[in-house]
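To start, the structure itself, in C-alpha cells.
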Amino acid sequence: MKLLQPVMDRVIARNPNQPEFHQAVSEVLETLEPVLEKHPEWMQAGIMDRIVEPERQIMFRVAWVDDNGNVQVNRGFRVQFNSAIGPYKGGIRFHPSVNLSIIKFLGFEQIFKNSLTTLPIGGGKGGSDFDPKGKSDREIMAFCQSFMTELSKHIGADTDVPAGDIGVGGREIGFMYGQYKRLRNEFTGVLTGKGLGWGGSLARTEATGFGLCYFMDEALKAQGKSFKGATTVISGSGNVAIYACQKATELGAKVVAMSDSSGYIYDAEGIDLDLIKEIKEVKRARISEYVKTRTNATFTEGCRGIWTVKCDIALPCATQNEINLESAKTLLANGTWAIGEGANMPSTNEAIAEYLKAGIIFGPAKAANAGGVATSALEMSQNSMRLNWTFEEVDAKLKQIMQSIYKAASEAALEYTGNANNLVAGANIAGFLKVAKAMYAQGIAY
Ligand code: NDP
Ligand code: 2IT
C-alpha cells in the first residue's frame, strides 16, 4: 500500500486500542489503491480521511433495574458513520464484548455493504455491552426501554434506522419500538425487523441467511459448482445461521455441523433444523441440548473446533474473527472449496489472504451477508408507502439484489484486479465507488 498507507497510519494514531476497527479499515484500504490511482481528485478532496472518520459517535449511560431490585449500568453506542447515499442504517448488537472498536468496525463495513445493495441507505451501527443471556423478559424490556429513551433523540425514519444484530431480534425490536412510539407519539419506520402485524416486512427474518445462499449460489455457478450434494458446516445457531441452514438445505446441501458460543454439534445424517429452531428460537437454550434428542449426533465444547469438521462449503455465521489463520489452514487442508461469510468480519485478514492464495470460492461478508440490510431497506420502502408486499415478492427482490451484488463485485474485481474471482477487492471497490462519488458531489464546508 503506497497511496493509502498514510491514511491507515492516521487511523491507527487517532484511534488507539481499536484493533477490530483497524482490521476492517486495513482490509478495505488494501484493495482501494487502484481506484484512488485513477481518481486523484478524490484524494485531494480528502475522501479517504473523511470516510474513515464517523460523522457522529454517540455513547451513553443505560441504567435499568434488574429482577432483584438492583440498579445495573451498561454503556450504549450509536455510530453514525456515513450518510452520503441515505439515512444511516445498520443493526444494534447486545453482547458483553461490545465496545467502541467493535461498533466502529461494524459501522465502517456497513457503509460499503449498504452501498452494494443498490438501495439508498448510509452506514451506521449501534449496541451495548448488555448481556441478554439468562435475563428475564421483564429485564430485557427494562433494558430496551432505557436504551431507547436515549437513542430516540438521535434516530428517525429519515435520519437513522436501526435494526437487529447479535442479541437483538424480534422481541428486542418490539420493546424498543414501543418505547420510541411512547416517547415520540409517531408510528414511523424508525426500526426494521418489526413484527409482521405492525410494519415489519415478510422475509426479513429469513433474509440474511437466504441472501447468503443466493449470493453463494451465484458465485458457485460461475465456477460450474453448486450446493447440490455439498457437505456444509455453518457456525452459529442464531438468526443468520438458522436461515442459511434452511436455504442451503433447500438448494441441496447437507449441513452436518452448527454451533453456539459453548461448542458445536456434529450430525452425520444432516442437521435437524426444526430441532435447532425449537432449542434456539423457542426455548432460547444451549445447542448442546440437540444431542439429547438426536442421540447419534455429538457435542464438542469450544467454538473453533467446528472448523476441523471436514466440509466442502463453510458458512461462518456467528461472530468476528471466528476463523483465524490456523482454522483457515485446517479448512483448506480438509478440502473446503468454498467459504461464504454470513457473519461480519468472521475471518481474520490473514485467513482471507490464505483463501485468496488457495483460489477457493470466497464470498466476503460485505457482499454475502448484505441480504439482511437490503430487506430492511425494502421494509423502509413498504413503511413509506404504507403497504405490504407478499413473501414471494420480497424474496424475489432479495434474490435479484444478491445476484446483482455478485455481478457488481465480480465486474469490479475484473476491472481493477484482472481477477473476477477476487470478490474481496470487487465488493470493496463496487461499494466504495458509489459512496465516494456521492461524497465528492456533495462537497465540503469551504
Ligand atoms: P444471533 O444473536 O441471532 O446469533 C448469534 C450466534 O452466534 C449465536 O449462535 C451465538 O452463540 C453465536 N455467537 C455470538 N457471539 C459469539 C462469540 N463471541 N463466540 C462464539 N459464538 C458466538 O445473531 P445473528 O445471527 O443476527 O448474527 C450473527 C452474525 O451475523 C453477526 O456477525 C452479525 O453481525 C451478522 N449479521 C447479522 C445480520 C442480521 O440480519 N441479523 C445481517 C448481517 C450480518 P450464543 O447463543 O452462545 O451467544
Ligand atoms: O450487519 C448487518 O447488516 C445487520 N445486522 C442488519 C442491519 C439492518 O439494518 O438490517
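The values are calculated or read from the model by the stated rules, or taken from the named source; none is laboratory data. This one's a predicted model, so the numbers in the text were calculated from it and none came from an experiment. Methodologically, a virtual Cβ is constructed for each residue, glycine included, from the backbone with ideal geometry; neighbour enumeration extends over all protein chains shown.
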Practice task
Just one of (1) surrounded by fewer than 22 Cβ atoms within 10 Å (Cβ to Cβ); (2) free of Cβ contacts under 8 Å to residues at least 40 places away in the same chain; (3) not β-branched (Val, Ile, Thr) trips up ALA328, so point out which.
Solution key: (1)
Problem - Pick from the range 192-216, criterion of a type in the set (A, V, I, L, M, F, W, C) and within 14 Å of ligand 1 (Cβ to nearest atom), ranking: nearest to VAL394 (Cα to Cα) - result: ALA203
Exercise for the section: Return only the number of the condition from (1) within 16 Å of ligand 2 (Cβ to nearest atom); (2) free of Cβ contacts under 8 Å to residues at least 60 places away in the same chain; (3) among the hydroxyl-bearing types (Ser, Thr, Tyr) that THR375 does not satisfy. Expected result: (2)
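Could you tell me which of the residues ALA248, ALA219, ALA268 is in a helix (DSSP H, G or I) and either more than 16 Å from ligand 1 (Cβ to nearest atom) or basic (Lys, Arg) (or both)? Spell out the reasoning first.
On the way: ALA248 fails: either more than 16 Å from ligand 1 (Cβ to nearest atom) or basic (Lys, Arg) (or both); ALA268 fails: in a helix (DSSP H, G or I).
None of the others qualify; the one that does is ALA219.
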Exercise for the section: Kindly indicate whether ARG93 is within 16 Å of ligand 2 (Cβ to nearest atom), part of a strand (DSSP E or B), within 23 Å of LEU151 (Cα to Cα) and in contact (Cβ under 8 Å) with a residue 24 or more places away in the chain. Expected result: yes
Exercise for the section: Go through (1) among the polar types (S, T, N, Q); (2) part of a helix (DSSP H, G or I); (3) within 16 Å of ligand 2 (Cβ to nearest atom) one by one and return the number of the condition THR192 breaks. Expected result: (2)
Completion exercise
Within the range 222-242, residues being assigned to a helix (DSSP H, G or I) and either at pLDDT below 95 or more than 19 Å from LYS366 (Cβ to Cβ) (or both) number 1
Practice task
Identify all residues within the range 148-201 that are touching a Leu at 6+ places or on another chain (Cβ under 7 Å) and small (Gly, Ala, Ser); write none if there are none.
Solution key: SER152, ALA163, SER201
Problem - Evaluation of ASP131 against (1) surrounded by 18 or more Cβ atoms within 10 Å (Cβ to Cβ); (2) more than 30 Å from VAL424 (Cβ to Cβ); (3) near ligand 1 (Cβ under 10 Å from one of its atoms) (one fails), failing number - result: (1)
Practice task
Identify the single condition in (1) assigned to a helix (DSSP H, G or I); (2) touching a residue at least 60 places away in the same chain (Cβ under 8 Å); (3) surrounded by fewer than 17 Cβ atoms within 10 Å (Cβ to Cβ) that PHE147 does not satisfy, given that it satisfies every other one.
Solution key: (3)
